[in-house]
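K.L.:
Pasting in a structure now, in structure tokens, and then I'll have a few things to ask.
The values are calculated or read from the model by the stated rules, or taken from the named source; none is laboratory data. Nothing here was measured: the structure is a model prediction, and the numbers come from that model. So basically every Cβ, Gly included, is an ideal-geometry build from the backbone, and we count neighbours across all protein chains shown. Side chains are part of the model used for accessible areas, which takes the heavy atoms of the whole protein and leaves out ligands, DNA and RNA. Shrake-Rupley method; radii C 1.70, N 1.55, O 1.52, S 1.80 Å.
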Amino acid sequence: MTQRVGRFITLEGGEGAGKSTQARLLAERLNASGIETVLTREPGGTPGAEAIRALLLDPPGEGWGARAEALLFAAARADHVARLIRPTIERGGWVICDRFLDSSRAYQGGAGGIDDALVCSLHDAGSEGLLPDLTMVFEVSNNVRSARLAERDGDESDAIGGRDAAYHAAVNRAFLKFAEQEPERFSVIDGNADPDAVHARVWDAVTGLGGAPL
Ligand code: T5A
């Protein structure tokens, strides 16, 4: 494997926390600073992974069991890492990724009941265990989350977003637990303010990355 010289940053959190908005703002600012930055997302990011995304979020028949779902996310991630994420950081670029491994750990693991060690071992097998340099977890109150999702989606939701409140509460608890367990990789961002104020918090976390040319 060639040397890794770029940066890999992931944005995580429950539904409607503002991850996609903040990922876009961060990528725009980095590109404007002259840093080659690729903005991508999971599930998806490559043609193969986007095809798996469609299977996951709009599943055929009865939907997937927890183990099949975990395997599909890991397979999509393997293609995304091999074809987009790793080549970008190896040539010195930055990757900003809207969700990554920790979503599998929180959704399929913490909420779905799959053992965390098993989720991580699927990632080891599929993606050689690649981890981000920085993972930001966005935390918002339930009221803020509901208002944002109602305004954006109305009554629409996908197969995973539409799961019950207990499932999503377990997802949120899992993200905060990961951040507590691994404070050197995680930064918890209060996402309750307006987009520019939240972006300022994101920028502080990113400029704190060791060796970042900012
Ligand atoms: N999943 C994913 C797994 O189960 N396992 C995995 O391993 C992975 C990778 C993906 C689904 O797949 C699951 C998790 C998800 O259920 P998705 O369609 O990609 O689904 O959607 P999410 O990633 O969940 O994104 P969300 O739909 O939850 O939204 P975001 O990205 O958190 O929020 P965003 O930025 O789209 O904002 C939501 C709305 O709020 C507004 C925006 O304009 C938008 O309308 N908004 C704000 N309003 C006021 N103030 C702010 N600061 C705002 N920020 C955003």
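K.L.:
Within region 104-118, is there a residue that is under 25 Å from residue 27 (Cα atoms), of a type in the set (Asp, Glu) and more than 13 Å from the chain's Cα centre (by Cα)?
P.N.:
Within region 104-118 (the criterion being under 25 Å from residue 27 (Cα atoms), of a type in the set (Asp, Glu) and more than 13 Å from the chain's Cα centre (by Cα)), the answer is no, since none of the residues qualifies.
K.L.:
Has region 199-207 got any residue that is in a helix (DSSP H, G or I) and under 15 Å from the mean Cα position of the chain (by Cα)?
P.N.:
Looking for residues that are in a helix (DSSP H, G or I) and under 15 Å from the mean Cα position of the chain (by Cα), one finds at least one in region 199-207, hence yes.
K.L.:
Let me spell it out: the conditions are (1) within 15 Å of the ligand (Cβ to nearest atom); (2) free of Cβ contacts under 8 Å to residues at least 60 places away in the same chain; (3) outside any strand (DSSP E or B), and residue 188 meets all of them except one. Which number is the exception?
P.N.:
(3)
K.L.:
Tell me, which residue of region 1-49 that is assigned to a strand (DSSP E or B) and open to solvent by 20 Å² or more (accessible area, probe 1.4 Å) is farthest from the ligand (Cβ to nearest atom)?
P.N.:
Of everything passing the filter in region 1-49, 7 is farthest from the ligand (Cβ to nearest atom).
K.L.:
Something else now. Could you tell me how many of the residues in region 88-141 are in contact with a strand residue (DSSP E or B) (Cβ under 8 Å, 6 or more places away or on another chain) and basic (Lys, Arg)?
P.N.:
Number of matching residues: 1.
K.L.:
What tally of residues in region 80-100 results from selecting those that are free of Cβ contacts under 8 Å to residues at least 60 places away in the same chain and within 13 Å of the ligand (Cβ to nearest atom)?
P.N.:
2
K.L.:
What's the number of the condition residue 56 fails, among (1) within 16 Å of the ligand (Cβ to nearest atom); (2) open to solvent by 30 Å² or more (accessible area, probe 1.4 Å); (3) modelled with pLDDT of 95 or more; (4) over 14 Å from residue 126 (Cβ atoms)?
P.N.:
With (1) within 16 Å of the ligand (Cβ to nearest atom); (2) open to solvent by 30 Å² or more (accessible area, probe 1.4 Å); (3) modelled with pLDDT of 95 or more; (4) over 14 Å from residue 126 (Cβ atoms) applied to residue 56, the lone miss is (2).
K.L.:
Still on this structure: From the list 86, 77, 67, 29, exactly one residue is closer than 17 Å to residue 105 by Cα and more than 15 Å from the chain's Cα centre (by Cα). Which is it?
P.N.:
Result of the check over 86, 77, 67, 29: 67.
K.L.:
Still on this structure, I have one more. What helices (runs of 4 or more DSSP H) lie completely within region 79-174 and have 1 or more residues being modelled with pLDDT of 95 or more and surrounded by fewer than 14 Cβ atoms within 10 Å (Cβ to Cβ)?
P.N.:
Here the list reads 116-127.
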